[in-house]
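Here is the structure we will look at.
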Amino acid sequence: MFRLWKWYQNCLTFHPVKTQVISSGFLWGTGDIAAQYITQSAAKNRLLQTYPDAEEEFKINWKRVGITSMFGFGFVGPVGHMWYEGLDRFIRLRLQLQPKSAKFVGAKLAMDGLIFGPIDLVVFFSYMGFANGKEVSEVKEDLKRDFVPAFLLSGTVWPIIQVANFRYVPVRYQLLYVNLFCLLDSAFLSWVEQQNNAPWKQWFTSFNPFKER
């Protein structure tokens, strides 16, 4: 484990962007496999309640895994790297806040949650829609359906994770820290995207102030 960590540090030193891109793509693909397993397991349990003798094996949709992995490769890795480096410089140099102070962590938390978080969700759901061959109108409907529940649910967890990240983790390792939790986040977002018009989504979107009346 120590050798693996030293190898990662060496890769991060000499190839920071490439290292972040590869690790992000791998973790997002793994997260999508987990989301598929959760979704298929739930469907199988419902099927067994109706047909106790039914048998259905877990089958991985590798096309979907590839599509989700490309989101990690093409967006989370490079954009996340630039975001955390730039965010730290902006708050230290422009806002001139003391690193690791309460105001410093609070400013990072607010900007990350209110700027990068919504952009990440919009890009993810739009990309998944277009990558699966949907029209612009269909992608817009998916965004109306998925954005609010995903933003509210992830917003209850990520602030806690990011407080520890911004307070204790060095900037060069912050995306790695986030990527480890992105294994869960990618599974969650993929699961949300696969739920289509689930009743719980309709409950969230009923409180959407932007919903057309």
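Can you tell me the dipole magnitude for the range 72-140 around its Cα centre, using point charges on the Cβ only (Lys, Arg +1; Asp, Glu -1), in Debye to the nearest 20?
Working: 8 positive and 6 negative charges, 83 e Å.
Dipole magnitude for the range 72-140 comes out near 400 debye.
The listed residues W5, W62, once ranked by accessible area (1.4 Å probe) with the largest placed first, stand as W62, W5.
Heavy-atom accessible area, probed at 1.4 angstrom with all protein chains present, ranks M128, M82, M1, M111 as M1, M82, M111, M128, highest first.
Couplings 3J(HN,Hα) for the range 26-42, derived from phi with the Karplus relation 6.51 cos²θ - 1.76 cosθ + 1.60 (θ = phi - 60°), are 5, 5, 5, x, 5, x, 5, 4, 4, 5, 5, 5, 4, 5, 5, 5, 5 Hz, where x marks Gly and Pro.
Please tell me which of these pairs span more than 27 angstrom C-alpha to C-alpha: K63/K108; K18/K108; K63/K134; K59/K134; K44/K140? Please report the intermediate quantities before stating the final value.
Working: K63/K108 36 Å; K18/K108 24 Å; K63/K134 15 Å; K59/K134 23 Å; K44/K140 30 Å.
As for pairs spanning more than 27 Å Cα to Cα, those are K63/K108; K44/K140.
Positive end of the dipole of the range 59-105 (Cβ unit charges, origin at the Cα centre): among H81, S69, L97, the Cα lying farthest that way belongs to S69. Can you give me the % of accessible surface on the range 1-123 that is carbon or sulfur? Probe 1.4 Å, all protein chains present, nothing else counted. Its accessible area is 65 percent carbon and sulfur atoms. Each of V157 and L93 was given a label point 7 Å from its Cα along the Cα-to-Cβ line. The distance between the two points is 3.5 nm.
If you put +1 on each Lys and Arg Cβ and -1 on each Asp and Glu Cβ, how big is the dipole of the range 1-141 around its Cα centre, in Debye rounded to 20?
800
The values are calculated or read from the model by the stated rules, or taken from the named source; none is laboratory data. All of these numbers come straight from a predicted model, not from anything done at the bench. Glycine also receives a Cβ, built like all others from the backbone with ideal geometry; neighbour counts cover every protein chain displayed. Calculation scope for accessible area: heavy atoms of the full protein, side chains included, ligands and nucleic acids excluded. Shrake-Rupley method; radii C 1.70, N 1.55, O 1.52, S 1.80 Å.
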